[in-house]
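Inspection log for the structure reproduced underneath, given as structure tokens.
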Amino acid sequence: MNLQSERLKLMEITPDDIETLHTLNSIPEIDEFNTLGIPKDIESTKKIYQPVIDDQKSKERKLYCWLILKKSGDEVIGVSGMKLSLDRFRMGEIYYNLSPDYWGWGFATEVAKTLINFGFEKLNLHRIEAGVATENKRSIRVLEKVGMTQEGIRRKILPIRGVWKDNFHYAILEDDERGE
């Protein structure tokens, strides 16, 4: 299930993408608010993404992960994904990580909008959520721009480099007005 936006292509990951994913997840700026930490080796990265790749064969998928590519030139600029809840709740949780070279260009907002539209229009979700470290001002701005509402704070839930960090909880409902 590949997706497109005005400037980007979101291509579902394959086993051939593990090295690219490892390189992305090894960028210290991407790791700043990431609970995974920098993977110690390519095998660690494979263990992270193998369940997502395996889920692609499932009749009732729960995991999606896409490489983010610029349409012009097919350059990989990040990774994004969505995890679905049990069917009766009709919820999904989105995430995105972009290479710092592409921060400030509106790509994260474009990805978040694409994931939200996919969730509501193709997966018939009722609710889409996202968590964000309270210190991650750039990502907070993205979530608010796409129409998500801050619903609360989860105290000291994110283990980031050995320190427990707080997390804002954001969500948008299928009948909420979507942002830009």
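With a point put 7 Å past each Cα toward its Cβ, work out how far residue 126 is from residue 151 in nm, to one decimal.
With each label placed 7 Å out from Cα toward Cβ, I get 1.1 nm.
Given H placed on each backbone N at 1.01 Å, which residues far from residue 132 in sequence or on other chains put an amide H within less than 5 Å of it?
Under 5 Å from the amide H of residue 132 lie the amide H atoms of 168, 170, each far enough along the sequence or on another chain.
I'd like the projected area of the chain, averaged over all directions, using the convex hull of its alpha carbons. Report it in nm² with one decimal.
10.1 nm²
Describe numerically, in nm with one decimal, the distance between label points set 7 Å from Cα along Cα→Cβ at residue 86 and at residue 174.
Each label point lies 7 Å from its Cα, and together they span 1.9 nm.
Please report the equivalent ellipsoid semi-axes of region 63-137, computed as sqrt(5 x eigenvalue) of the Cα gyration tensor, largest first, in whole Å.
Semi-axes (√(5λ), whole Å): 23, 15, 10.
Among the GluC sites (Glu not before Pro) in region 73-113, which ones are in a DSSP loop with at most 15 other Cβ atoms within 10 Å of the Cβ? Mind listing them? Present the calculation step by step, with values, prior to reporting the outcome.
Values: sites: 75, 93, 110; in loops: 75.
Of the GluC sites (Glu not before Pro), the ones in loops of region 73-113 whose Cβ has at most 15 other Cβ atoms within 10 Å are 75.
Across region 16-31, in residue order, what do the Karplus-derived ³J(HN,Hα) couplings come to in whole Hz, using 6.51 cos²θ - 1.76 cosθ + 1.60 with θ = phi - 60° and x for Gly and Pro?
5, 8, 4, 5, 5, 4, 4, 4, 4, 6, 9, 7, x, 5, 5, 6
Just to confirm the filter: which chymotrypsin sites (Phe, Trp or Tyr not before Pro) across region 1-70 are DSSP coil and have at most 13 other Cβ within 10 angstrom of their Cβ?
Working: sites: 33, 49, 64, 66; in loops: 33.
Taking region 1-70 and a limit of 13 other Cβ atoms within 10 Å, no loop chymotrypsin sites (Phe, Trp or Tyr not before Pro) are found.
With 21 Å as the limit, write out which pairs from 47/165; 9/113; 62/165; 9/165 have Cα-Cα distances beyond it, or answer none. Working shown, then result.
Working: 47/165 25 Å; 9/113 13 Å; 62/165 27 Å; 9/165 32 Å.
Distance filter (> 21 Å) returns 47/165; 62/165; 9/165.
Residue by residue through region 77-88, which ³J(HN,Hα) values in whole Hz follow from phi under the Karplus form 6.51 cos²θ - 1.76 cosθ + 1.60 (θ = phi - 60°), with glycine and proline marked x?
Along region 77-88, the couplings run 10, x, 9, 9, x, 8, 10, 9, 8, 4, 3, 5 Hz.
Indicate, rounded to the nearest 5 percent, the antiparallel portion of the DSSP beta bridges found entirely in the chain.
90 percent
For residue 66, what is the net charge nearby, where nearby means another residue's Cβ is under 12 Å from its Cβ and Lys, Arg count +1, Asp, Glu -1?
-1
Just to confirm the filter: which GluC sites (Glu not before Pro) across region 1-40 are DSSP coil and have at most 12 other Cβ within 10 angstrom of their Cβ?
Here the GluC sites (Glu not before Pro) that fit, given the DSSP loop and packing criteria, are 6.
Just so you know, all these numbers are worked out from the coordinates, no wet-lab data involved. Keep in mind it's a predicted model, so treat the numbers as computed, not measured. With ideal geometry, Cβ positions are generated from the backbone for all residues, glycine too; neighbour counts draw on all protein chains shown.
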